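A.B. asks: The following block contains the structure, expressed as structure tokens.
The values are calculated or read from the model by the stated rules, or taken from the named source; none is laboratory data. Just so we're clear, the structure is a prediction, and the values are computed from it rather than from any experiment. Heads up, the Cβs are rebuilt from the backbone with ideal geometry, glycines too, and the neighbour counts pull from every protein chain shown. Ligands, DNA and RNA are excluded from the accessible area calculation, which covers all protein heavy atoms including side chains. Shrake-Rupley method; radii C 1.70, N 1.55, O 1.52, S 1.80 Å.
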Amino acid sequence: LAMMPQTLLDAVVITARLGFQYIWIDALCIIQDYEKDIKCELKFMAEVYRKSVCTIAALASGDNGGGCFVQRNHLK
């Protein structure tokens with residue numbers, strides 16, 4: 001876990017805190033720099049997400065090192 005990017009670590013923590021035992025992280029399950037694997041696995045992604053109980057998306061993160069939690073400006 002020490003070498004895992006922050007966003008993926010955050011997702012593991014979120015999953016555990018929600019009480020789930022399993023997590024699908026597409027960046028770990030699909031070879032990201034291998035076009036053949038991406039094309040093959042993308043066919044199954046709708047089914048994977050359709051059956052998910054919870055989907056975590058780190059939309060504010062610029063990359064997988066940014067984490068799921070970001071500082072926000074509080075309303076005045």
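A.B. asks: If a residue has to be hydrophobic (A, V, I, L, M, F, W, C), open to solvent by less than 50 Å² (accessible area, probe 1.4 Å) and touching a residue at least 24 places away in the same chain (Cβ under 8 Å) to count, how many in the stretch 41-57 make the cut? It would help to see each step written out before you state the result.
C.D. replies: The first filter runs over the stretch 41-57 and keeps only residues hydrophobic (A, V, I, L, M, F, W, C), leaving 42, 44-46, 48, 53-54, 56-57.
Filter again for open to solvent by less than 50 Å² (accessible area, probe 1.4 Å), leaving 45, 48.
In the following step, the residues that additionally are touching a residue at least 24 places away in the same chain (Cβ under 8 Å) were identified as 48.
Total meeting the criteria: 1.
A.B. asks: Which pairs turn up if I take residues in the stretch 1-15 that are in contact (Cβ under 8 Å) with a residue 40 or more places away in the chain and look for partners that are part of a helix (DSSP H, G or I) and of a type outside the set (S, T, N, Q) with beta carbon separation below 9 Å, at least 6 apart in sequence or on another chain?
C.D. replies: 5/27; 7/27; 8/27; 8/28
A.B. asks: Only residues in the stretch 20-34 that are under 15 Å from residue 52 (Cβ atoms) and touching a residue at least 12 places away in the same chain (Cβ under 8 Å) count as the first member; pair them with residues that are open to solvent by less than 60 Å² (accessible area, probe 1.4 Å) and assigned to a loop (DSSP other than H, G, I, E, B), Cβ under 9 angstrom, at least 6 apart or cross-chain, and list the lot.
C.D. replies: From the stretch 20-34, the pairs are 24/52.
A.B. asks: Check residue 75 against each of (1) loosely packed, with under 12 Cβ neighbours inside 10 Å; (2) within 24 Å of residue 6 (Cβ to Cβ) and name the one condition it does not meet.
C.D. replies: So the condition that residue 75 fails would be (2).
A.B. asks: Among what's in the stretch 29-40 and is within 22 Å of residue 4 (Cα to Cα) and either of a type in the set (S, T, N, Q) or open to solvent by less than 60 Å² (accessible area, probe 1.4 Å) (or both), pick the residue that is farthest from the chain's Cα centre (by Cα).
C.D. replies: Residues of the stretch 29-40 that are within 22 Å of residue 4 (Cα to Cα), as a first pass: 29-34, 37-38.
Then drop every residue that is not either of a type in the set (S, T, N, Q) or open to solvent by less than 60 Å² (accessible area, probe 1.4 Å) (or both), which leaves 30, 32, 37-38.
Numbers: 30: 12, 32: 13, 37: 18, 38: 16 Å.
Per the criteria, the residue is 37.
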